[in-house]
1. Out of all the residues in region 176-201, which are among the β-branched types (Val, Ile, Thr) and without any contact (Cβ under 8 Å) to a residue 60 or more places away in the chain?
2. Given the conditions (1) in contact with a Leu (Cβ under 6 Å, 6 or more places away or on another chain); (2) touching a residue at least 60 places away in the same chain (Cβ under 8 Å), and given that residue 104 satisfies all but one, which numbered condition is not satisfied?
3. Against the conditions (1) of a type in the set (D, E, K, R); (2) assigned to a loop (DSSP other than H, G, I, E, B); (3) modelled with pLDDT of 95 or more, where does residue 210 fall short? Just the number, please.
4. Any idea which of 87, 24 is at pLDDT 85 or above, part of a helix (DSSP H, G or I), surrounded by 14 or more Cβ atoms within 10 Å (Cβ to Cβ) and within 15 Å of the chain's Cα centre (by Cα)?
5. Could you tell me which of the residues 220, 125 is modelled with pLDDT under 95, among the aromatic types (Phe, Trp, Tyr) and not in a loop (DSSP other than H, G, I, E, B)?
6. Quick check: is even one residue across region 202-210 of a type in the set (Asp, Glu) and free of Cβ contacts under 8 Å to residues at least 40 places away in the same chain?
7. Please state which one of 138, 120 is over 30 Å from residue 234 (Cβ atoms) and either of a type in the set (Lys, Arg) or modelled with pLDDT of 95 or more (or both).
8. What number goes with the only condition from (1) closer than 24 Å to residue 91 by Cα; (2) within 14 Å of the chain's Cα centre (by Cα) that residue 139 does not pass?
Amino acid sequence: MMWTRGLLKQNAKNALSGRYWPAFAVTLICALLGAAQSFRLVFNLHTYRSYSHVFRITLPLWGNWGVIGLLLSIFFVSVLLVGQARFFMENRQGFAPVSSLFSAFHREGYWNLVKIQFLKGLYIFLWSLLFIVPGIIKAYQYSMVEYIAAENPYLPADRVFALSRAMTDGEKGALFLLDLSFIGWYLLGVLAFGVGLLFVLPYYQATWAEGYAALRAKAFAQGLTGQEELSGFIRY
C-alpha cells in the first residue's frame, strides 16, 4: 500500500476535525509529565529522550530525585506513551476519550508494556553508542513499537520488535522525511515563545498514527501479520 506525506497529513487533519481539543489535552498531559518523546523533533531526537531513563543508569550522580525520575520514566511515562498511541488510533475512528491515555495502566498487559518500552530504550541507547546515525536508524526501525503494543498489549516483546522492523523495512527514509516536513511548524512554535509547539503536537501525533495505519495495512497485505495478532483498536 502506497502512502505519501500529503495523504497522511490530510487524513490527520480529518481525524482532528471537531476533535482537536481532546487530542491537545492528551499531548499536553504527556508533555507536562515529562514525556519528551511527544516532541519527536527532526532527526528523531525524541528517541534519545525516550531512553533517557536508561542513560541515567550510567550517571554517577544519584539522588532521591534521580531515583524517583528513573522509576517514573520506566513504570509510568513509557507506558503513558503507549496510551497516547492508542488514543490517536482510536481517534481515527471517532471521538476518543482522554481516558484512553491511561488505558494501559489497568490492563493485565501492563508489565509486558513496561518490559517492551524499557527494551526499546535500551536497544536504541546501545546502538547509539556506535555513533549517532545507527541510533537514529534504530529509532525509526522501532518507531512502530508503541502502536503495536497499544493494539496488542499481550504480544511478546520479541514479536513486537520483529513486527516494527518488518513494517519499517524500506520505509525508514520516508519516515525521516515525514519528521523533517514538520520543521516549519516547529520553527513557528519556537517563535511563539515555545508555547506554539504544544499546539503542533496533536497534528504531529495524528499524522504518525496515520503512518502506522498505512504500514499496518501494508503488513497485512504482505501476510506479515493478521487479525490474530493485531485485531484493531476497539475501545476498552
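1. Residues satisfying the conditions are 190, 195, 200.
2. Status for residue 104: all satisfied but (2).
3. Against the list (1) of a type in the set (D, E, K, R); (2) assigned to a loop (DSSP other than H, G, I, E, B); (3) modelled with pLDDT of 95 or more, residue 210 comes up short only on (2).
4. 87
5. 125
6. no
7. 138
8. (1)
The values are calculated or read from the model by the stated rules, or taken from the named source; none is laboratory data. Every value quoted in this text rests on a predicted model; they were computed, and no experiment measured them. Using ideal geometry, Cβ is built from the backbone for each residue, glycine included, and neighbour counts are taken over all protein chains shown.
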